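What follows is a set of notes on a single structure, which appears directly below.
The values are calculated or read from the model by the stated rules, or taken from the named source; none is laboratory data. All values reported here derive from a predicted model rather than from experimental measurement. Quick reminder, even Gly has a Cβ in these numbers, built from the backbone with ideal geometry, and neighbours come from all protein chains shown. All accessible areas refer to the heavy atoms of the entire protein, side chains included, with ligands and DNA or RNA removed. Shrake-Rupley method; radii C 1.70, N 1.55, O 1.52, S 1.80 Å.
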Amino acid sequence: YEFSRYQPITLGILPQGEEKYEVHLPCSREVWFKLFLNGDGEQNMHIELFDKRRGNIYCNKAGARNWYGGERTDFRMLDGGLQCEEDGTNSKVIINVHKTRDHVALSNAGRMVYLQEFGANDGNCKLPSQELSTQVWHYTGTLSLGILSIPEPAVGDMYEFSKDEPVTLGILPVEDGNEKYEVHLPCSREVWFKLFLNGDGEQNMHIELFDKRRGNIYCNKAGAGLISECWMEVRDWYGGERTDFRLSGDGLKCEEGESKLVLNILKDDKHLSIMNSGLILYLQQFGAED
């Protein structure tokens, strides 16, 4: 993912025990930048580098809380600091960040240049990250960031979300190309919600339901469609194509005796289907223009 002073990025991360990130910097310039690792609605920590030798680690709610509600540790990197590495046709500084609940380590050119261990008083630094964001000072060029470990959510795991508390989850590409999601809604209310399925730094598509009968599918960068039927309409929309649809039959239904409505979504590279109570209520096939 590319980022810069004027174009910071924010990425969702699935909570886990081990996090690995890689940052690419130019060899020819000193770059002052910061990585924010955030948790459930608040900052967990940051990693800040002023140049190729100096930086600091901030742990929210740590120690005496005498620096913006937490504790900041200034450090100087070992062995002369960051070094350039050859990467094909050009040279760049590659920083590897390895974080667990017990420590954070910075490595470069096969060497560990800084290690900070976490103890009982290190506050949110011990917590897993749910979101990563960037900040750059002075330097106006483009930098690169890679997330090297995002595990697939365990099958059957459920995550609560709401209007005020949305969730962002990392998803590993599956070997068979099939993605399966399950959404639970209340039987007693109509719920308008949207699921965004994103790719490498941009949106791939969304699935939006207005109520138990109507919704739409948006495909980013898709071609303009001309299909118009009583149950489906395709239109140009925000740089892609939006397909409005009406679910078949009477739409979504609650199982007898149940207090929740269970919605199943199956997606692969050829189609997307929406199911409820064992029935396919909507099927959209993908073609070359999708």
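See the values below:
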| read-out | value |
| --- | --- |
| Relative contact order of the chain, defined on C-alpha pairs under 8 angstrom at six or more residues apart (%) | 17 percent |
| Solvent-accessible area, 1.4 Å probe, carbon plus sulfur percent, for the chain | 47 percent |
| Solvent-accessible area per residue, Å², over the chain with all protein chains present [probe radius 1.4 Å] | 57 Å² |
| Amide proton proximity set for residue 204, modelled H, under 5 Å, gap of 5+ | 197, 198, 199 |
| Two-site label geometry, residue 137 and residue 161: point separation in nm, points 7 Å out along Cα→Cβ | 3.5 nm |
| Label-point separation in nm, residue 256 to residue 79, each point 7 Å along Cα→Cβ | 7.0 nm |
| Residue 246 versus residue 271: modelled label distance in nm, points set 7 Å from Cα along the beta carbon direction | 2.2 nm |
| Restraint check, 180/253; 163/267; 20/212; 34/221; 99/270; 99/221, Cα-Cα greater than 29 Å | 20/212; 34/221; 99/270; 99/221 |
| Gain in span if fully extended, residue 168 to residue 27, counting 0.36 nm per residue against the direct Cα distance | 47.4 nm |
| Rounded FRET efficiency, nearest 0.05, which uses the C-beta distance separating residue 194 from residue 100 and R0 of 30 Å | 0.35 |
| Neighbourhood net charge (15 Å Cβ-Cβ; Lys/Arg +1, Asp/Glu -1) for residue 254 | -2 |
